[in-house]
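K.L.:
Following this message is one structure expressed as structure tokens.
Quick note: the coordinates plus some simple rules give every number you see, no bench work behind them. Values in this document were obtained by computation on a predicted structure and should not be read as measured data. Here Cβ is always computed from backbone atoms with ideal geometry, including for glycine, and neighbour counts include all displayed protein chains.
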Amino acid sequence: MAGPCLLQAAMASLDKFLMALGTAPPTILVLYEGVVAELRFDGGTRPITKQPLSAEQIVSLLREIAPAEMQAAVLQGGPARFPYAGNGIPVDCSIQRDAEGRVVAQIHPAEIVASAPTASPASAPTVFPAAAPAVANAAEPPLSLNAALVLPTPRQPAVAVAENGLSSVLEALLRTLAAQKGSDLHLRVGEPPIIRRDGELVRVSGAAPLGADQLEQMLLASMPAMNREEFRDRNDTDFAIDIEGLARFRGNVLRDRCGAAAVFRLIPSTIITAEQLGLSAEEKALCSLSKGLVLVTGPTGSGKSTTLCGMIDLVNRTRTDHIITIEDPIEFVHASKKCNMTQRQVGVHTSSFKSALRAALREDPDVILVGELRDLETVAIAIETAETGHLVFGTLHTTTAPSTVDRLIDQFPSDRQAQVRTMLSESLKGVISQTLVKKKGGGRAAAREVLLANTAVSNLIREGKTFQIPTVMQTSKKLGMVTMTDALIRLVEQDLVDPNDAWIKAVDKAGFQLALQSRGIVLDRVAA
């Protein structure tokens, strides 16, 4: 325990700090074991001691001001909560241990918690600002916040909102996502913010687990009014966030067993061109078609939107047409170049993909991008639109180009599938199926399977022999067709990716392993 002189000096300082609490509400005094004492407020922090506090010091400070009935609980490091009036300033004090057993005390001005439900010591707040670093991953340094980040506590009813209508805390987290070169930000109750970087999820060090009320308030304050209503009605909603000069973010907010949750995908503010993506001449040629259906497929997070962005930008730069995009929400924002750009968001500018696609036929389009072919009616309209003299781009969540054809056909009732096969054999022009593989030294590389609908492929689709399409792709490499195995082998030969990482992404693992062995490359793992 600290000596009496030290405690008296500390208490005298504490009363001065309590006076500071009343000058800029809502401010919180945080005493965290192993960390300097801090005043925390929306937009920043201010350290008020030079040396980190020990558990004994924090307990001693709270015991000196705690009522008699709370002394035993405080001595154990909490949980306990009680009022106090230091220098005539009423405050609410709480003390407890965090998930790692560290003692944490928070002192709020009484008016901050006046409207909050009265909590018993057993239900004291479970979320505190974390300052001690998280355990580092042995393979790479932990992520950390790129700026001072102050997470509000569950007791704090108000959420600071910046001029752009975004919660200041959420904006700080999104800026951290961009600074760390991450692709996604995950927010969950009871977890610190989590960033996906190079395909892997990493917890942000320097941030505390998020409280249920705290996270819900943060998200509700940041979404448009329409999405707040949708979230209350349906428990999930999609929207986009723009941070000027930084990036655009696609957000999905949902509710799970713990409360509100969200995932934000970073969308670069600058358009990534087809040349920067490394699209082949055959892939670029799909952008010069006057009509037909071109699909970009792959699992979630495989870069479909980025590839489509590069292809639409190529059309925008090289043609003089009208491009209509139908998205949920709008991701990449395209300025009109040679083309005239019309971008519509489902739920904002139109009620659904199918209604927007049907209406697009009366809007003099040349090129139409459908963000997602979600249902049978949307697929049917897209195929008909491609047949009637328009170039239609769309996406599906399929892993290979041949399986994409089957997925489209299987959506229809059996009595319509023969007709759909005929329509698809004439309208489908190409399928790009891609996946992302971890690169050596950081980042990810795209492996793209390319199916071009030549006469042989069209005949197989019409005759219901799609299982033979991979064979045609193997024998048509000179025409620009690429199987996923060949795409992955190319990345390995270019020394961009590790063979073991490529093997994980391979669909035909046995074929991929044989291809590596023929090149004298042996995998560390044995394929099952």
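K.L.:
Given H placed on each backbone N at 1.01 Å, which residues far from residue 343 in sequence or on other chains put an amide H within less than 5 Å of it?
P.N.:
325
K.L.:
Taking Cα centroids, how far is the range 163-192 from the range 291-361 in Å?
P.N.:
Comparing the Cα centres of the range 163-192 and the range 291-361, I get a distance of 27 Å.
K.L.:
What value does the range 220-278 have for Rg/Rh, both radii from Cα atoms and Rh as Kirkwood defines it?
P.N.:
Details: Rg = 14.4 Å, Rh = 13.0 Å.
Radius of gyration over Kirkwood radius for the range 220-278 works out to 1.11.
K.L.:
Tell me the Rg and the Dmax, in Å, that the Cα atoms of the range 211-351 produce.
P.N.:
17.3, 53
K.L.:
Ok, one more. Quick check: net charge around residue 376, other residues with Cβ under 12 Å of its Cβ, Lys/Arg +1 and Asp/Glu -1?
P.N.:
So the surrounding residues net to +1.
K.L.:
Give me the net charge for the shell around residue 428: Cβ to Cβ below 14 angstrom, other residues only, Lys and Arg +1, Asp and Glu -1.
P.N.:
Neighbourhood net charge equals +1.
K.L.:
On to the next question. I need the phi-derived Karplus couplings for the range 397-405: 6.51 cos²θ - 1.76 cosθ + 1.60, θ = phi - 60°, integer Hz, Gly and Pro marked x.
P.N.:
Residue by residue, the range 397-405 yields 9, 10, 9, 9, 5, x, 5, 5, 4 Hz.
K.L.:
Compute the convex hull volume of the Cα atoms of the range 433-499, divide it by the residue count, and report the result per residue in Å³ as a whole number.
P.N.:
Given the Cα convex hull of the range 433-499, per-residue volume reads 81 Å³.
K.L.:
What is the sum of charges, Lys and Arg at +1 and Asp and Glu at -1, for the other residues whose Cβ falls under 9 Å from the Cβ of residue 317?
P.N.:
+2
K.L.:
Cα centroid distance between the range 410-427 and the range 461-509, in Å?
P.N.:
About 26 Å separates the Cα centre of the range 410-427 from the one of the range 461-509.
K.L.:
Shape call for the range 378-528 from the C-alpha gyration tensor, a ≥ b ≥ c root eigenvalues: rounded (a/c under 1.5), prolate (a/b greater than b/c) or oblate?
P.N.:
prolate
K.L.:
Which of 236, 184, 313 comes first, and how do the rest follow, when ranked by fewest Cβ neighbours within 10 Å?
P.N.:
By the 10 Å Cβ count, ascending: 236, 184, 313.
K.L.:
Residue by residue through the range 225-236, what is 3J(HN,Hα) from phi via Karplus (6.51 cos²θ - 1.76 cosθ + 1.60, θ = phi - 60°)? Round to whole Hz and write x for glycine and proline.
P.N.:
Per-residue couplings from phi come out as 4, 4, 6, 4, 5, 4, 5, 5, 7, 10, 6, 7 Hz.
K.L.:
Fewest Cβ neighbours within 10 Å first, please rank 32, 84 accordingly.
P.N.:
By the 10 Å Cβ count, ascending, the order reads 84, 32.
K.L.:
Moving on to the next point. Going by how many other Cβ atoms sit within 10 Å of their own, how do 412, 512 line up, fewest first? All intermediate terms of the calculation are to be shown ahead of the outcome.
P.N.:
Numbers: 412 18, 512 24.
Starting with the residue having the fewest Cβ neighbours, the order is 412, 512.
K.L.:
Lysines within cross-link reach of residue 465: Cα-Cα under 18 Å, excluding same-chain residues under 8 positions apart?
P.N.:
429
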